[in-house]
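Trainee: Mind having a look at this structure? Questions to follow.
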Amino acid sequence: MTTNLMKALRFAEFGPPSVLRIEEVPIPEPGHGEALVRVKAAAINPSDIGDVAGRFKKTTLPRTPGRDFAGVVVRGMQHEGEEVWGSAPNLGIVRDGSHAEYVVVPGETLSVKPKPLSMAQAAAIGIPYITAWASVVNAAQIQAGETILIVGAAGAVGQAATQIANWKKARVIGADTSSDPIPGTEAVVNTKSEDLRERVVELTAGKGVNAVFDTVGGPMFEPALRSLGFGGRQVAISSRDQRVSFNLADFYHNFSRLLGVDSYGLTPQQVGEIADKLRPGFETGVLKPPTIEIVRFEKAVDAYSRMAAGQAKAKQVLSFD
């Protein structure tokens, strides 16, 4: 490989992971306000699977997927020579993503890597923790002493949100499709066998919760909304069903608030600011990265296939070392 070429995971058509190929392409050049990062590790997220499958209308082809990464800044106005981590909303969509040896990103989206984390661990915290912070802290504005219901608490974003809520000294009630304990929650509601609202009312002595973070959407939307106490707020990030229904009179009589968060809609500056706020949590050990499986970049298509088939037991992180 010559010095101006790099290896990148590419797709020229939409479809299953089998459409992916590792190719040699030119190393990208950073523009004004951008940084060139030598990628050391890059996580595979469910949205990357969806990107390759063609679920995002804005994706242009051919394209390199991947939003989350950790590496070293080779060229840029800031952080040059430093170890960084980051995520950017448009990566893998309208600009080439992080599943390559180098990636160009807006400089303001970068944050210094938390010292205790390895490159692979830092690459795995992007979308889940940034989305969770934008939802629980920025949107719901959770306060110490409040109670938050997290629907889908066993998922990657749900677990991140639970840790962040604990850090903010809030009480967490989890809800998921099993009764298995979820670290950081005071109780778990099994949405398959229990009535969500009834159980939440019981757990809150009839008051309901101050906030709901709904990572699931669909049939859980309305029962989660009905679990709010007076003046409560609900944050939605998923739309399994395009339309939901609820009792509007009950909603406004309760002074409830409904908020939406789209991680793709965050600006590079917002992503960088959130990443900087998360760093102390990881450096003090209050926040912990997810369990990961490190995969050599040469095996990237296999890792995509395992994730798409639901066979991955841990978060898949591509390694370029």
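Trainee: Look through region 6-15, keep the residues that are within 23 Å of S319 (Cβ to Cβ) and out of contact with any Pro (no Cβ under 6 Å at 6 or more places or on another chain), and return whichever of them is most open to solvent (accessible area, probe 1.4 Å).
Mentor: For region 6-15, the residue satisfying everything is K7.
Trainee: Can you name the number of the only condition in (1) outside any strand (DSSP E or B); (2) among the aromatic types (F, W, Y); (3) touching a residue at least 12 places away in the same chain (Cβ under 8 Å); (4) open to solvent by 20 Å² or more (accessible area, probe 1.4 Å) that W133 fails?
Mentor: Tallying (1) outside any strand (DSSP E or B); (2) among the aromatic types (F, W, Y); (3) touching a residue at least 12 places away in the same chain (Cβ under 8 Å); (4) open to solvent by 20 Å² or more (accessible area, probe 1.4 Å), W133 fails exactly one: (4).
Trainee: Let me ask you something else. Could you check region 192-217 and list, in sequence order, the residues that are under 28 Å from Y264 (Cα atoms), open to solvent by 10 Å² or more (accessible area, probe 1.4 Å) and not in a strand (DSSP E or B)?
Mentor: T215, V216
Trainee: Here is a follow-up. Considering each residue of region 75-120, count those that are β-branched (V, I, T) and touching a Leu at 6+ places or on another chain (Cβ under 6 Å), and give that number.
Mentor: Total satisfying the criteria: 2.
Trainee: Within region 262-319, how many residues turn out to be more than 27 Å from K58 (Cβ to Cβ) and either assigned to a loop (DSSP other than H, G, I, E, B) or hydroxyl-bearing (S, T, Y) (or both)?
Mentor: Final tally of qualifying residues: 12.
Trainee: Being farther than 18 Å from A175 by Cβ and among the charged types (D, E, K, R) is the filter; apply it to region 222-253 and report the residue that is surrounded by the fewest Cβ atoms within 10 Å (Cβ to Cβ).
Mentor: R243
Trainee: Could you check H99 against (1) surrounded by fewer than 24 Cβ atoms within 10 Å (Cβ to Cβ); (2) modelled with pLDDT of 95 or more and say which number it fails?
Mentor: (1)
Trainee: From the list V74, V52, which one is among the hydrophobic types (A, V, I, L, M, F, W, C), modelled with pLDDT of 95 or more and more than 19 Å from P17 (Cβ to Cβ)?
Mentor: The match here is V74.
Trainee: Can I ask one more? Being in a loop (DSSP other than H, G, I, E, B) and farther than 23 Å from T109 by Cβ is true for just one of A154, A165. Which residue is that?
Mentor: A154 is the lone residue from the list that is in a loop (DSSP other than H, G, I, E, B) and farther than 23 Å from T109 by Cβ.
Trainee: I would also like to ask the following. (1) within 22 Å of P46 (Cα to Cα); (2) more than 18 Å from the chain's Cα centre (by Cα): which one isn't true of Y129, the others all being true?
Mentor: (2)
Trainee: For region 37-83, which positions are surrounded by fewer than 18 Cβ atoms within 10 Å (Cβ to Cβ) and of a type in the set (F, W, Y)?
Mentor: Of everything in region 37-83, just one residue is surrounded by fewer than 18 Cβ atoms within 10 Å (Cβ to Cβ) and of a type in the set (F, W, Y), namely F56.
Trainee: What number of residues within region 302-315 satisfy the criterion of being touching a Leu at 6+ places or on another chain (Cβ under 8 Å) and surrounded by fewer than 17 Cβ atoms within 10 Å (Cβ to Cβ)?
Mentor: Counting residues in region 302-315 that are touching a Leu at 6+ places or on another chain (Cβ under 8 Å) and surrounded by fewer than 17 Cβ atoms within 10 Å (Cβ to Cβ) gives 0.
Trainee: Let me ask you something else. Which number in (1) in contact (Cβ under 8 Å) with a residue 12 or more places away in the chain; (2) within 24 Å of V157 (Cα to Cα) marks the one condition that G50 misses?
Mentor: (1)
Trainee: Consider only pairs whose beta carbons are under 8 Å apart and that are at least six residues apart or on different chains; among these, list those whose first residue lies in region 279-301 and is closer than 16 Å to A120 by Cβ and open to solvent by 60 Å² or more (accessible area, probe 1.4 Å) and whose second residue is among the polar types (S, T, N, Q) and modelled with pLDDT of 95 or more.
Mentor: As it stands, the answer is K288/Q163; E293/Q316; I294/S319; R296/S319, since those pairs meet every condition given.
The values are calculated or read from the model by the stated rules, or taken from the named source; none is laboratory data. Since we're looking at a predicted model, the values are computed, not measured. Every residue, glycine as well, gets a Cβ built from its backbone with ideal geometry; the counts of neighbours run over all protein chains shown. Keep in mind that these areas ignore ligands, DNA and RNA; they rest on the heavy atoms of the full protein, side chains included. Shrake-Rupley method; radii C 1.70, N 1.55, O 1.52, S 1.80 Å.
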